[in-house]
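Chemist: Structure below; questions to follow.
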Amino acid sequence: KNEVEQSPQNLTAQEGEFITINCSYSVGISALHWLQQHPGGGIVSLFMLSSGKKKHGRLIATINIQEKHSSLHITASHPRDSAVYICAVYASGSRLTFGEGTQLTVNP
Amino acid sequence: GAVVSQHPSRVICKSGTSVKIECRSLDFQATTMFWYRQFPKQSLMLMATSNEGSKATYEQGVEKDKFLINHASLTLSTLTVTSAHPEDSSFYICSASRSGNYNSPLHFGNGTRLTVT
């Protein structure tokens with residue numbers, strides 16, 4: 001079992017829909033990262049969380065440390081949001097552990 | 001935001017040749033750079049961690065003589081794939097860190113797609 005589990009693996013939505021991607025992990029962590037990987041391969045860091053909630057534009061990320069769970073929400077989704085979204089966790093003194101990613105496709 | 005430049009973005013080479021990939025932090029000093037490899041439909045796999053001025057730390061199973069990493073300055077790290085073979089064909093991507101760990105935002109290059117024929 002992967003230390004980091006993402007769901008769903010694939011997600012197709014219509015433009016304007018509210019999207020949620022989930023990430024569960026099994027170890028104690030000091031930071032959780034949400035990343036966006038574009039079709040060309042480049043990766044953009046969306047959020048780094050250690051507690052609570054962060055918001056940037058249409059993106060919201062939350063984390064519940066006790067439940068070892070994080071969610072990434074996209075409001076008013078747009079075709080340009082189509083990408084692979086990756087959750088990665090960092091346990092102090094260890095390496096970054098990546099989830100398998102969620103392939104999001106937003107149709108116009 | 002912080003910018004990491006990686007070159008080349010795409011390279012095709014013949015089996016047996018060597019390929020150098022550069023990773024530069026353009027507007028900050030990167031204490032540590034991380035090199036990853038990614039196969040299609042798979043997650044990133046850490047190959048090695050390099051700190052400026054010291055030898056890279058390689059992950060288990062990664063041949064240090066095949067994947068040469070140099071981090072000569074706080075803004076530049078290079079990965080050289082020596083005597084490349086078709087099985088080395090993959091997507092390679094670097095990440096630069098100010099802090100040396102993952103308790104700060106991550107900054108990735110755009111990756112290099114290597115094809116060995």
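Chemist: Could you list, in sequence order, the residues of the range A:67-93 that are among the hydroxyl-bearing types (Ser, Thr, Tyr) and either more than 17 Å from B:SER43 (Cα to Cα) or free of Cβ contacts under 8 Å to residues at least 60 places away in the same chain (or both)? Break it down stepwise before answering.
Modeler: Kept after step one, since they are among the hydroxyl-bearing types (Ser, Thr, Tyr), are these residues of the range A:67-93: A:70-71, A:75, A:77, A:82, A:85, A:90, A:92.
A:SER70, A:SER71, A:THR75, A:SER77, A:SER82, A:SER92 - these are the residues of the range A:67-93 that are among the hydroxyl-bearing types (Ser, Thr, Tyr) and either more than 17 Å from B:SER43 (Cα to Cα) or free of Cβ contacts under 8 Å to residues at least 60 places away in the same chain (or both).
Chemist: A further question follows. Of the numbered conditions (1) modelled with pLDDT under 95; (2) outside any strand (DSSP E or B), A:THR97 fails exactly one; give the number of that condition.
Modeler: So the condition that A:THR97 fails would be (2).
Chemist: Next question. A:TYR90 - would you say it is at the interface with chain B (Cβ under 9 Å from one of its Cβ atoms) and buried (at least 20 other Cβ atoms within 10 Å of the Cβ)?
Modeler: Details: at the interface with chain B (Cβ under 9 Å from one of its Cβ atoms): yes; buried (at least 20 other Cβ atoms within 10 Å of the Cβ): yes.
Yes, satisfied.
Chemist: Quick one: count up the residues across the range B:72-106 that are of a type in the set (Phe, Trp, Tyr), buried (at least 22 other Cβ atoms within 10 Å of the Cβ) and not in a loop (DSSP other than H, G, I, E, B).
Modeler: Going through the range B:72-106, the residues of a type in the set (Phe, Trp, Tyr) turn out to be B:91-92, B:102.
In the following step, the residues that additionally are buried (at least 22 other Cβ atoms within 10 Å of the Cβ) were identified as B:92, B:102.
If we keep only those that are not in a loop (DSSP other than H, G, I, E, B) too, we end up with B:92.
Qualifying residue count for the region: 1.
Residues checked against (1) touching a Cys at 6+ places or on another chain (Cβ under 7 Å); (2) within 14 Å of chain A (Cβ to nearest Cβ); (3) of a type in the set (Lys, Arg):
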| residue | (1), (2), (3) |
| --- | --- |
| B:GLN38 | no, yes, no |
| B:ILE69 | no, no, no |
| B:SER95 | no, yes, no |
| B:LEU106 | no, yes, no |
| B:GLY109 | yes, yes, no |
| B:THR117 | no, no, no |
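Chemist: Could you grab me the full set of residues in the range A:1-23 that are of a type in the set (A, V, I, L, M, F, W, C) and within 17 Å of A:THR75 (Cα to Cα)? Walk me through it before giving the result.
Modeler: Kept after step one, since they are of a type in the set (A, V, I, L, M, F, W, C), are these residues of the range A:1-23: A:4, A:11, A:13, A:18-19, A:21, A:23.
If the condition is that a residue be of a type in the set (A, V, I, L, M, F, W, C) and within 17 Å of A:THR75 (Cα to Cα), then A:LEU11, A:ALA13, A:PHE18, A:ILE19, A:ILE21 are the ones that fit.
Chemist: Look at the range B:48-71 and say how many of its residues are assigned to a loop (DSSP other than H, G, I, E, B), under 13 Å from the mean Cα position of the chain (by Cα) and more than 19 Å from B:GLN38 (Cβ to Cβ).
Modeler: The qualifying residues number 1.
Chemist: Quick check on my filter: what residues within the range B:84-105 are farther than 19 Å from B:ALA72 by Cβ and of a type in the set (Phe, Trp, Tyr)?
Modeler: From the range B:84-105, those farther than 19 Å from B:ALA72 by Cβ are B:84-91, B:93, B:99, B:101-105; that's our starting set.
The answer is B:PHE91, B:TYR102.
Chemist: Right, another one. Yes or no: B:SER15 in contact with a Pro (Cβ under 7 Å, 6 or more places away or on another chain), in a loop (DSSP other than H, G, I, E, B) and either surrounded by 20 or more Cβ atoms within 10 Å (Cβ to Cβ) or more than 14 Å from chain A (Cβ to nearest Cβ) (or both)?
Modeler: Details: in contact with a Pro (Cβ under 7 Å, 6 or more places away or on another chain): yes; in a loop (DSSP other than H, G, I, E, B): yes; either surrounded by 20 or more Cβ atoms within 10 Å (Cβ to Cβ) or more than 14 Å from chain A (Cβ to nearest Cβ) (or both): yes.
So B:SER15 fits the description; yes.
The values are calculated or read from the model by the stated rules, or taken from the named source; none is laboratory data. Everything numeric here is computed off the predicted structure, so don't read it as measured data. Please note: Cβ atoms are built from the backbone with ideal geometry, for glycine as well, and neighbour counts cover all protein chains shown.
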